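Asks: Provided herewith is a single structure, encoded as structure tokens, for subsequent inquiry.
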Amino acid sequence: MWRFQRQLKQELDPLLAAQHGLDSRKFFILKSIQSGHQYPTVLAEKLQIPATLLSRYLDQLVKQQLIERQIDAQDSRRTHLSLTAAGENVLADTWASIQALTGARLARLDTRTLSGLLDALELLAQEESV
């Protein structure tokens with residue numbers, strides 16, 4: 001599993017950089033913001049990224065005009081993160097690229113093997129959320 005993930009990342013990062021100006025970590029940050037993790041502290045915890053490193057990534061995403069930072073309306077000590085329209089578009093395009101790359105790999109599996117893999121991944125995902 002680790003080797004598969006490593007190979008996929010080695011293929012994915014150059015593709016994302018060339019086509020979308022992202023790496024996989026920036027993609028996961030954008031995806032997490034879209035999923036509702038809109039505060040840096042929550043985001044750092046969810047993605048298990050040190051806050052200082054996350055701050056650098058957020059600065060880069062702001063410069064790329066993919067996210068915006070606003071003072072939270074309820075608590076002026078907190079910063080609220082949101083995707084810009086450009087961020088939404090890049091995220092959708094990036095997701096399509098990821099699906100194409102992973103789809104090509106998964107297409108090599110027969111139906112029974114693919115079904116077993118999907119069942120196992122679903123079970124693992126449920127265990128993580130417990």
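The values are calculated or read from the model by the stated rules, or taken from the named source; none is laboratory data. Remember, it's a predicted structure, so these values are computed and weren't measured experimentally. Here the Cβ positions follow ideal geometry from the backbone for every residue, glycine too, while neighbour counts run over all protein chains shown.
Asks: Could you tell me whether L124 is assigned to a helix (DSSP H, G or I) and either more than 23 Å from K26 (Cα to Cα) or modelled with pLDDT of 85 or more (or both)?
Replies: For L124, the condition - assigned to a helix (DSSP H, G or I) and either more than 23 Å from K26 (Cα to Cα) or modelled with pLDDT of 85 or more (or both) - is met.
Asks: What is the number of the single condition among (1) out of contact with any strand residue (DSSP E or B) (no Cβ under 7 Å at 6 or more places or on another chain); (2) in contact (Cβ under 8 Å) with a residue 40 or more places away in the chain that L114 does not meet?
Replies: That leaves (2) as the condition not met.
Asks: Further, regarding this structure: I'm trying to understand the selection: among the residues of region 23-42, which are of a type in the set (D, E, K, R) and either surrounded by fewer than 18 Cβ atoms within 10 Å (Cβ to Cβ) or over 17 Å from I98 (Cβ atoms) (or both)? Steps first, answer last, please.
Replies: Step one: of region 23-42, the residues of a type in the set (D, E, K, R) are 23, 25-26, 31.
Listed by number, the residues that qualify are D23, R25, K31.
Asks: A further question follows. Going through L91, L22 one at a time, which residue ends up being part of a loop (DSSP other than H, G, I, E, B), closer than 27 Å to M1 by Cβ, in contact (Cβ under 8 Å) with a residue 40 or more places away in the chain and within 16 Å of the chain's Cα centre (by Cα)?
Replies: Checking each option against the conditions leaves just L22.
Asks: OK, next. Within the group T41, T102, which residue is under 18 Å from the mean Cα position of the chain (by Cα) and at pLDDT 90 or above?
Replies: On the way: T102 fails: at pLDDT 90 or above.
Matching residue, one of T41, T102: T41.
Asks: Go through (1) under 21 Å from S97 (Cα atoms); (2) modelled with pLDDT of 95 or more one by one and return the number of the condition L16 breaks.
Replies: Just one mismatch for L16, condition (2).
Asks: Could you say which residue among L91, L106, L81 is surrounded by 12 or more Cβ atoms within 10 Å (Cβ to Cβ), under 16 Å from S24 (Cβ atoms) and of a type in the set (A, V, I, L, M)?
Replies: Just one listed residue meets the conditions, L91.
Asks: Only one of these is out of contact with any helix residue (DSSP H, G or I) (no Cβ under 6 Å at 6 or more places or on another chain), more than 29 Å from A100 (Cβ to Cβ), among the basic types (K, R) and modelled with pLDDT of 90 or more: R69, R77. Name it.
Replies: Result of the check over R69, R77: R69.
Asks: Just wondering, is there one or more residues in region 62-70 that are more than 29 Å from R105 (Cβ to Cβ) and among the aliphatic types (A, V, I, L, M)?
Replies: So far as region 62-70 goes, yes, one or more of its residues are more than 29 Å from R105 (Cβ to Cβ) and among the aliphatic types (A, V, I, L, M).
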